[in-house]
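To start, the structure itself, in structure tokens.
The values are calculated or read from the model by the stated rules, or taken from the named source; none is laboratory data. All figures in this text were calculated on a predicted structure; none of them were measured in a lab. Here Cβ is always computed from backbone atoms with ideal geometry, including for glycine, and neighbour counts include all displayed protein chains. These area figures cover heavy atoms from the full protein model, side chains too; ligands, DNA and RNA do not enter into them. Shrake-Rupley method; radii C 1.70, N 1.55, O 1.52, S 1.80 Å.
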Amino acid sequence: FLTTDVGGEGNIIVISGIATTDSLSYGSVETPLLEGLHLRLDHRMLYDLSGDVLKIEKGDMVLQDMRLVLSGSASHLQSNTVLDLTIGSDSLNIADLLSLVPAEYMEKAEGAEGTGIAQVSIAITGTLTDSTSSEFGGTITARGASLRFPQVPKPITDITILSSFTNTTTVEEFRLENLTASLGGAPFNMAMTVTNFDDPYIKLSASGSLSL
């Protein structure tokens, strides 16, 4: 769904409005890792006709429950578009990240509460042609966070997350480089790598003890 106002003066065209979708996905066409995501973008963009450059002046984005900011530019729109965009936030509530988890996995976690701040940074780059598409890469980090689930008597505390992902024509990879936390005073840690989303290869290591 898209509502747009177009105006401007001279060589500058101003495009503003709100765009929404309930069918955003991430991964590959054959095997999306995440799908059916809700996205809302309140935008204001300036298109320079003489330079063929579209600049994001305002990009307030809500992805599921996460409030993000879209910035950057796109050039050569009249030929092969070149993207140089960034999506990110330095102040996400750790519980907002749970909105990315598919609903079928979150049914038993309804009512979960979280404290702490997460940082998200995503770069969208590349040249769009008939044979190439945009490339994605980014990081998700958090430190000193906690989560409490209604069905679990003890909260998960001291959560530290360091993760990154890449989705290009040559590399499909998600890396959970470090996840540490404490459940009822019992520490545990985990690391995981997922490559080749169509035929995933998963490498996982974990250690610790859980006291429920």
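For this structure, a couple of remarks:
- Test: residue in segment 94-110 that is more than 20 Å from residue 43 (Cα to Cα), assigned to a strand (DSSP E or B) and at pLDDT below 95: no
- Qualifying residues in segment 26-37 (those that are within 14 Å of the chain's Cα centre (by Cα) and open to solvent by 70 Å² or more (accessible area, probe 1.4 Å)) - the one modelled with the highest pLDDT: 35
- Of the residues making up segment 138-161, those that are assigned to a strand (DSSP E or B), of a type in the set (D, E, K, R) and either over 29 Å from residue 124 (Cα atoms) or at pLDDT below 90 (or both) are 148, 158.
- Of everything in segment 164-198 that is free of Cβ contacts under 8 Å to residues at least 60 places away in the same chain and among the charged types (D, E, K, R), the residue that is farthest from residue 144 (Cα to Cα) is 173.
- Segment 12-23, residues that are modelled with pLDDT under 90 and either among the small types (Gly, Ala, Ser) or surrounded by 15 or more Cβ atoms within 10 Å (Cβ to Cβ) (or both): 23
- Candidate set from segment 126-137 (those that are in a strand (DSSP E or B) and open to solvent by less than 50 Å² (accessible area, probe 1.4 Å)); member that is nearest to residue 179 (Cα to Cα): 137
- Residues located in segment 162-183, provided they are part of a strand (DSSP E or B), open to solvent by less than 60 Å² (accessible area, probe 1.4 Å) and not hydrophobic (A, V, I, L, M, F, W, C): 163, 164, 166, 167, 172, 173, 178, 180, 182
- Looking only at residues of segment 59-89 that are in a strand (DSSP E or B) and of a type in the set (Asp, Glu), we find that the one that is most open to solvent (accessible area, probe 1.4 Å) is 84.
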